Each structure stands twice: as C-alpha cells, then as structure tokens.
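The values are calculated or read from the model by the stated rules, or taken from the named source; none is laboratory data. The structure presented is a predicted model; accordingly, all values stated were derived computationally and were not measured. We place every Cβ from the backbone using ideal geometry, glycine too, and count neighbours over all the protein chains shown. Ligands, DNA and RNA are stripped out before the accessible areas are found, and what is left, the full protein with its side chains, is counted by its heavy atoms. Shrake-Rupley method; radii C 1.70, N 1.55, O 1.52, S 1.80 Å.
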Amino acid sequence: MPRYLTMVRIDENNAPAEGPSEALMQRMGALLEEMTKAGVLLDTAGLTPTAQGTRVTWSNGEFTVTDGPFTETKEVIGGYAIIQAKDKAEILEWTKRFLAVHEAHWTVTSEIREIAEG
Amino acid sequence: MTEARSAVEAVFRIESARIIAATARIVRDVGIAEEIAQDALLAALEQWPESGVPDRPGAWLMVTAKRRAIDLVRRKETYARKLAEVGRTLEDVPPPEPADPDRIDDDLLRLIFTSCHPVLSTQARIALTLRLLGGLGTEEIARAFLATETTVAQRVVRAKRTLGRAGVPFEVPYGPDRAARLDSVLEVIYLIFNEGYAATTGDDLLRPALCQDALRLARVLAGLMEKEPEVHGLVALLELQASRAAARTGPDGAPVLLADQNRSRWDRLLIRRGFAALARANEAGGAGPYALQAAIAACHAHAVTYEATDWTVIATLYRRLAALVPSPVVELNRAVAVSMAEGPAAGLVLVDALAAGPELKAYHLLPSVRGDLLERLGRAQEARAEFVRAAELTRNEQERTLLLARADRVSR
C-alpha cells in the first residue's frame, strides 16, 4: 500500500491574518482523529512560519545560509502529512476532505507525492 | 466518467466497513448487511456521474444503506406479522441518525468481533475479516493467498451462512468471554500479517500488500480499543516487524538474516510508530505475549548494529514470554539470546534440555543452533555433525546449501 507525503502549501502573505478559526481547528482535529483511527494517517504536523525558517544551500563547494521569511516565494509549505492509502483515488479523497475543513476564504493547496519504497 | 467511478470506489473503500457495520446493527446479519452496502455503492455508481458527487459522499452512502436496511426489516416485520399473526415484538428500528462517532466505533467493533468469531474456521475468519473490514474484493484476497477466486468467494459465503445458522449475535462480548474473543481477533490480524511477512506458499518471501492490510486493521482496532494493552502490543509488533521489510531480502530475493541486514534500510517512521505503540501498551499495563514480542523487536530496533544488541534484556524478555506462552520455539530463541548474553556454554545447557525432548525432533533450527554453539565452544567435530543433521532436516534449498557449507568449514 503506497505511502504519500502531502505538503500543504499556503500563501503566507494572503493567509487569513487572524489565523485558523476555532471551528476550523475543531473540524481539523476531528478529521485527523478519524484518519488516525482508520489507520491511514501515519504522521502529520504543522510548520512554524518561514520567518523562523532557514535555508542552507551547498553550491559550487560553498554554503549559503539564508534566514526567513522567504518573501520571494508565493506559496510556502505550512504543514505536511504522511498518509498510507490504497491508491491515488483514495489519497485524493482524503486530501479533499482535509482541504474542505477550511473555510471558503482560504486558499490551500495539497501537493501529493508518493514516497519511493524499498 | 472513469474519474467519477474511481472517486465513488475510493469513498466506498474508506466507508465500507462503517457502512456494513451500521447496517448490520439494523438487520443483525453481516451477510445481508454487506449486500445492502453493495447496493448502496451501485446506486452511487449510477447516480453520481449524472448528479455529481454529493458534498458528503460518505454520509450519502451511509444514509442510503441504512434506509434500505430499515425497509428490509420493515418488510420482514410485516411479513412475519401476517404469517404468524402472533404479537411478537420486533426491536424498534432506529431512523437514520446523524453520524455519531461513538456509535460508529461500537458498530465497527461488533463487526470485527463477529468476523473473527471462533465458530468460524481460521481461514474463514481471515477471509471474512479482509472482505468486511479490509474492504478487499474476493479477487484481491485470492491473489494474496494464492487461492482461486471461487474458493475465496465460497469461503466467504459459507462463513456468512455459518454465522447466521449459529445465531451469532452482532455484539462485542463482555465479561469472561471478552478476553478469549479478543485473542481470536488479534490472532486473525497477526495471521494475515504473517502470511504476508513469511509467505508460506509461492515464490515471494514477502507479500507487502497483505502486511499493510493487517497493519491497517491493527491500527483501526487500536483506535477502537484504546485501553487494551495487547492491541497496542500487536500494533507495536507489526510496525516494528514491517520496519525491516526492505532489508529482509537481498537484490536476488534471497532472505537476509537479522545479523546481516543493512539497518539503514529499516524504516524510521515505522520504528518510531512501533515505539509509540509499545509505550501505549506499557501505559495500559501491557505484559502479554504481543507486547513482549514487540519489546524484543524494539530491542533490535534500538541497536545501531547487530553487535550493539542488548542480549541480556532480550533473554529476560524471552524468559517472560516462555513463562506466559510456553513453547519449545520460544525456548530455542531464548537459548540463542542467553548464548549471546552469557556465552555459548549457558545457551548450550538450554538447547540440550530441548534436544532431550520430543517436540523439536524434526525442526532443523535446533541442530543448527546447537551446531553454532558447539562451534563457538571449539567442539568442531560435534558442530559438524549438527550442521549436517540440520541440512538433512531443512526443506529449503538455500538453507541446505548454507548449512552444508558451514559443516564443511568447521571441520577444516
């Protein structure tokens, strides 16, 4: 059964300033519990803003260290989940449920990538 | 069109166990419940491509199935009334209610306990559990067990009929019955996992899909029975064993022994999940056979190299396991652990005691282990004889070659 990494992309600059609503957090909690109980959700976490992030690059034999926020990027990864699903149709269904707990004024993208095994 | 179809099927796969479980509570028959759930799926396949997928597809399927179940009970009720004309009160049938997580949990548990009921043969329990709870089609089950689809379909049909005839109530057992019935549930999941992990038939050493199905079932059960230490023990054991899957076979498909496995290929996520499940088992007061085996697996997972393995702890755990579920195979494993912790002489004492008994007379690993200990003690001639004997007993060609090579090496 394939495992997928879903990277949740949000636009930091246009995300609701007040952050996620209480109701959203509750719906999200219930969904994550359901997914855990279904044996599907293996791991998940939200990430702190890119303002607290750092990029370390190795290029031409040299390091470059850049502290966030990464304003040049429109979308940043705000969280991730590792989900084990039977196939692509199933991961799509779970992903849709995950996105649909957000209110309509959110723009959230889940990028789904299958994890290479073996 | 095909996209709508695969969406319907995905929703059904996610929801089917819950739908069957909720329907079975109404009709009191898992076989009929499954048929009703299938009907609801067909209805969705007909309607959704035209009307569009509803906002809450799972709820749609659930309500549709429940309505059909209630209709069926009502029809039966009317029929029974007309037929018998006696005032037999049937249970009140609940109307479709909004999803209640507790109710769904209870229904699912009932379904698991019914599918794993001891009135069924082991094979029947496995097939029914995979079908009703794992959402596998007969074709998938047949492929996993290298059986024909007809055989599996018959097995499932017969299992449902047996449950009906035996009047098995759709319930979670309580009281003294509960522990024994839970053992049966855990055993079924463990057997499914092992069938995938140490494939008894066929060419592949490992059938990963079956392991994953078992693991998912175990995780579901853990979510439903949070206070049962052995459930978490089983989850921990399966997560930890599954974490080694990629390292268990070489590029040529030949098995790689624990001592020789490339530990960087062990799956860190599964190891972490295994540790967490083991911690939950311990918190719940776990000291049963699954929790103990998980603890042994955890010792291996903790060791960065084979040489770094804490054999003293493993030997202790095997002693507790042997006390709990006495078995010569567990005893043999304990002897190996003792020999690693205290030296070959201490292990040999235990192995000799086993060799004196009749149980492992035909088990090639007994002379194989004994040969190993004798070799380490420098008793080359005796070691050689044991390796030769082990080679005669094994039915695996690769193992025979390996054992004869050892016999040859030790006598030189």
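Couple of notes before you dig in:
- Contact annotation: residue pairs with Cβ atoms under 6 Å, 6 or more positions apart or on different chains, pairing a residue in the range A:32-46 that is closer than 16 Å to B:LEU109 by Cβ with a partner that is among the charged types (D, E, K, R) and open to solvent by less than 50 Å² (accessible area, probe 1.4 Å), are A:GLY39/B:ARG216; A:GLY39/B:ARG219.
- Conditions (1) out of contact with any helix residue (DSSP H, G or I) (no Cβ under 6 Å at 6 or more places or on another chain); (2) surrounded by 11 or more Cβ atoms within 10 Å (Cβ to Cβ); (3) not in a helix (DSSP H, G or I); number of the one not met by A:THR36: (3)
- Search result, residues across the range B:373-412 that are of a type in the set (Asp, Glu), free of Cβ contacts under 8 Å to residues at least 12 places away in the same chain and closer than 17 Å to B:LEU257 by Cα: B:GLU397
- From the options B:GLY253, B:GLY274, B:GLY233, residue that is open to solvent by 10 Å² or more (accessible area, probe 1.4 Å) and of a type outside the set (Lys, Arg): B:GLY253
- Residue identified as within 14 Å of chain A (Cβ to nearest Cβ), open to solvent by less than 30 Å² (accessible area, probe 1.4 Å) and in contact with a Pro (Cβ under 6 Å, 6 or more places away or on another chain) among B:ALA4, B:ALA10, B:ALA17, B:ALA21: B:ALA4
- B:ALA246 passes every criterion in (1) away from chain A (no Cβ under 12 Å); (2) within 26 Å of B:LEU402 (Cβ to Cβ); (3) among the aliphatic types (A, V, I, L, M) apart from (1).
- If you go through the range B:381-410 and pick out every residue that is closer than 22 Å to B:GLU342 by Cβ and surrounded by fewer than 19 Cβ atoms within 10 Å (Cβ to Cβ), you end up with 1.
- Against the numbered list (1) within 12 Å of chain B (Cβ to nearest Cβ); (2) closer than 19 Å to B:GLU15 by Cα; (3) out of contact with any Pro (no Cβ under 9 Å at 6 or more places or on another chain), A:PHE98 comes up short only at (1).
- If you go through the range B:356-373 and pick out every residue that is part of a helix (DSSP H, G or I) and surrounded by fewer than 16 Cβ atoms within 10 Å (Cβ to Cβ), you end up with 1.
- Looking only at residues of the range A:61-93 that are within 14 Å of chain B (Cβ to nearest Cβ) and within 13 Å of the chain's Cα centre (by Cα), we find that the one that is farthest from A:GLU33 (Cα to Cα) is A:TYR80.
- Residues that are away from chain A (no Cβ under 13 Å), modelled with pLDDT of 90 or more, open to solvent by 20 Å² or more (accessible area, probe 1.4 Å) and in contact with a Phe, Trp or Tyr (Cβ under 9 Å, 6 or more places away or on another chain) do occur in the range B:220-229.
- Test result for B:THR162, of a type in the set (Ser, Thr, Tyr), away from chain A (no Cβ under 14 Å), more than 13 Å from the chain's Cα centre (by Cα) and open to solvent by 50 Å² or more (accessible area, probe 1.4 Å): no
- Any helices (runs of 4 or more DSSP H) falling wholly within the range B:279-355 and containing at least 3 residues that are open to solvent by 30 Å² or more (accessible area, probe 1.4 Å) and over 21 Å from B:ARG248 (Cα atoms): B:311-324, B:328-342
- Residue check: A:ARG3 meets all listed conditions (1) within 14 Å of chain B (Cβ to nearest Cβ); (2) of a type outside the set (A, V, I, L, M, F, W, C); (3) surrounded by fewer than 16 Cβ atoms within 10 Å (Cβ to Cβ) but one, namely (3).
- Filter result for A:GLY19 (in a strand (DSSP E or B), open to solvent by less than 80 Å² (accessible area, probe 1.4 Å) and away from every other protein chain (no Cβ under 14 Å)): no
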